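**Q** First, the structure itself, so that you have it in front of you.
What follows draws every value from the coordinates through simple rules; no lab data is involved. Keep in mind the model is a prediction, meaning the values are calculated, not measured. A quick note on method: Cβ atoms are made from the backbone with ideal geometry, for glycine too, and the neighbour counts reach across all protein chains shown.
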Amino acid sequence: MSVGYIYDPIYLKHETGEHVENSRRLSTTMELLESSQLIAKLVAIKPREATHEELARVHTEEHIDLIRSVTRSRGAWLGGDTYACPDSYQAALMAAGGVIRGVDAVLDGEANHAFALVRPPGHHATRDQAMGFCLFNNVAVAAYHALEARGLKRVAIADFDVHHGNGTQDIFYTDERVLYFSTHQYPHYPGSGATNERGLGGGLGTTINVPLAAYAGDHEYLQAYQKRFAPAAEQFRPELILVSAGYDAHWADPLSAMQMTVQGFAEIASILKTTADKTCNGRLVFALEGGYNLQALSHSIRATFEVLLGLPVSADPLGKPRSR
């Protein structure tokens, strides 16, 4: 079983200082993958920049021009929570292109599964707005690439970030070719993701939201993926499963009130892998979204790789939730 990883030092140059979404998220993760020698078991997949055409399938010309223009200056805030520095535009192009490379690698047999370790993240970015630390919607760009450039008919997106992927939902809300499934703390930022948000027109029923109350943990999340996602995907029969992999539902994360553990994320990865094996010949591509406790994030990503490789999951150094 071959598993690819997508990474480039350009992702560290999206410099945000002491912002919670900062370069240490990836540098700490890469250090753990290297020190544990897990990286030697993975296939290195070199990312590339997303082209203008690939971005324009998802985003308006005005949005693309805005991201490009603000990075020509010393940097700027895009709304109250999203920052772009002079290197952010190139990093964002490589983030979206990195997920595309993961899709191509899996479709072309370079790897059975892939994980794009990219930043800035993407699932909050709408067609015309950067928000929630996201500039371009990486998973949406990759999904459109699979549909429009690679000729797939159906793509599923599973999103286990603690925050609802409002951008991804909006982009595919009327598109019957894309099944969007999200588990998220609710109510919580960005305020969307209620159960009655199910899609419109031809896309009615292809959006499935599972809002979870604060302090939900492994049991609630695993029930959602076992009882809701797996059956829905088996009925939908995607030709590819993309995953917005946010690890901020971990109990130690500073931006959530959830109780997930490293082991719980490993079990979600196992359900997703089994579902991909059943529905689309194992075609499964993860893309990094959130996760802001460095230890929880890096060990959860390590556990995800171990599941994809079919290896025993390493001991969880953080353990079970502690009282808050």
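**Q** For the chain, give me the percentage of DSSP beta bridges that are antiparallel, rounded to the nearest 5 percent.
**A** 10 percent
**Q** Per-residue ellipticity at 222 nm for the chain, helices alone: DSSP H runs ≥ 4 residues times -39500 (n - 2.57), over residue total, nearest 500 deg cm²/dmol?
**A** -10000 deg cm²/dmol
**Q** Count charges around residue 101 for me, please; just the other residues with Cβ under 11 Å from its Cβ, Lys/Arg as +1, Asp/Glu as -1.
**A** The answer is -3.
**Q** Related question: Rank-order 298-307, 189-198, 166-175 by packing density, defined as the average count of other C-beta atoms within 10 Å over each peptide's residues, highest first. Present the calculation step by step, with values, prior to reporting the outcome.
**A** Numbers: 298-307: 24.9, 189-198: 14.7, 166-175: 22.9.
Taking the mean over residues of other Cβ atoms within 10 Å, the ranking is 298-307, 166-175, 189-198.
**Q** Cut-off 10 angstrom, C-alpha nodes, Gaussian network model of the chain. Which of 108, 159, 87 fluctuates the most?
**A** 108
**Q** While we're looking at this one, here's another question. Amide H to amide H under 5 Å from residue 184: which residues, 5+ apart in sequence or cross-chain, H placed 1.01 Å off N in plane?
**A** 210, 212
**Q** Under 14 Å between alpha carbons, and skipping anything fewer than 8 positions from residue 278 in its own chain: which aspartates and glutamates qualify?
**A** Leaving aside aspartates and glutamates fewer than 8 places away in the same chain, those within reach of residue 278 are 234, 239.
**Q** Shifting gears a bit: Any idea how far apart residue 72 and residue 43 come out in nm if each label point goes 7 Å out from Cα toward Cβ?
**A** 4.0 nm
**Q** Could you give me the ³J(HN,Hα) list for the range 112-125, computed from phi with Karplus coefficients 6.51, -1.76, 1.60 and θ = phi - 60°, whole Hz, x at Gly and Pro?
**A** Each residue's phi maps through the Karplus curve to give 6, 9, 8, 9, 8, 8, 10, 7, x, x, x, 6, 8, 5 Hz.
**Q** I would also like to ask the following. For the range 98-107, in order, what is each residue's ³J(HN,Hα) by Karplus, 6.51 cos²θ - 1.76 cosθ + 1.60 with θ = phi - 60°, in whole Hz (x at glycine and Pro)?
**A** Calculated HN-Hα couplings, in order: x, 5, 4, 4, x, 4, 4, 4, 6, 5 Hz.
**Q** What is the projected area of the convex hull of the Cα atoms of the range 24-73, averaged over all directions, in nm²?
**A** 5.5 nm²
**Q** Please say if the range 184-324 is rounded, prolate or oblate, where rounded means a/c under 1.5 for a ≥ b ≥ c the square roots of the C-alpha gyration tensor eigenvalues, and otherwise the choice is prolate for a/b larger than b/c and oblate otherwise?
**A** Verdict is oblate for the range 184-324.
**Q** Something else now. Given the range 69-164, what whole percent of its Cα pairs are spread farther than 17 Å?
**A** Cα-Cα pairs of the range 69-164 separated by over 17 Å account for 53 percent.
**Q** Under 1.5 on a/c is rounded, so check that first for the range 1-153, then, if it is not, pick prolate when a/b is larger than b/c and oblate when it is not; a ≥ b ≥ c are the square roots of the alpha carbon gyration tensor eigenvalues. Intermediate values should be presented prior to the final figure.
**A** Details: a/c = 2.39, a/b = 1.21, b/c = 1.98.
Note, shape of the range 1-153 comes out oblate.
**Q** Beyond 38 Å, what share of the Cα-Cα pairs of the chain remains, rounded to the nearest whole percent? Don't jump to the answer; show the numbers that get you there.
**A** On the way: 2495 of 52326 pairs.
The share of Cα pairs beyond 38 Å in the chain comes to 5 percent.
**Q** What list of ³J(HN,Hα) couplings, whole Hz, do you get for the range 131-142 from phi and the Karplus terms 6.51, -1.76, 1.60, once you set θ to phi - 60° and write x for glycine and proline?
**A** 6, x, 6, 10, 9, 10, 8, 4, 5, 5, 4, 5
**Q** Follow-up. Which net charge results when you count Lys and Arg as +1 and Asp and Glu as -1 among the other residues whose beta-carbon is under 12 Å from that of residue 287?
**A** Counting the neighbours of residue 287, the net charge comes to -1.
**Q** Ok, one more. Taking springs between alpha-carbon atoms closer than 10 angstrom, which of 114, 266, 149 fluctuates most in the Gaussian network model of the chain?
**A** 149
**Q** Before anything else, pin down the relative contact order of the chain: Cα pairs under 8 Å, at least 6 apart, normalised by residue count, whole percent.
**A** Relative contact order, the chain: 18 percent.
**Q** Residue farthest toward the positive end of the dipole of the range 115-273, with Cβ of Lys/Arg at +1 and Asp/Glu at -1: which of 192, 252, 235?
**A** With unit charges placed on the Cβ atoms, the residue in question is 235.
**Q** Here's a follow-up. Obtain the nm distance between the two label points defined at residue 278 and residue 309 by a simple spin-label model: each point lies 7 Å from its Cα along the Cα-to-C-beta direction.
**A** Using points 7 Å along Cα→Cβ, the separation is 2.7 nm.
**Q** What is the range 70-207's relative contact order, in percent, from Cα pairs under 8 angstrom and six or more apart in sequence?
**A** That works out to 17 percent.
**Q** Taking the Cα centre of the chain as origin and charging only Cβ (+1 Lys, Arg; -1 Asp, Glu), how large is the dipole, in debye to the nearest 20?
**A** Computed charge dipole of the chain: roughly 440 debye.
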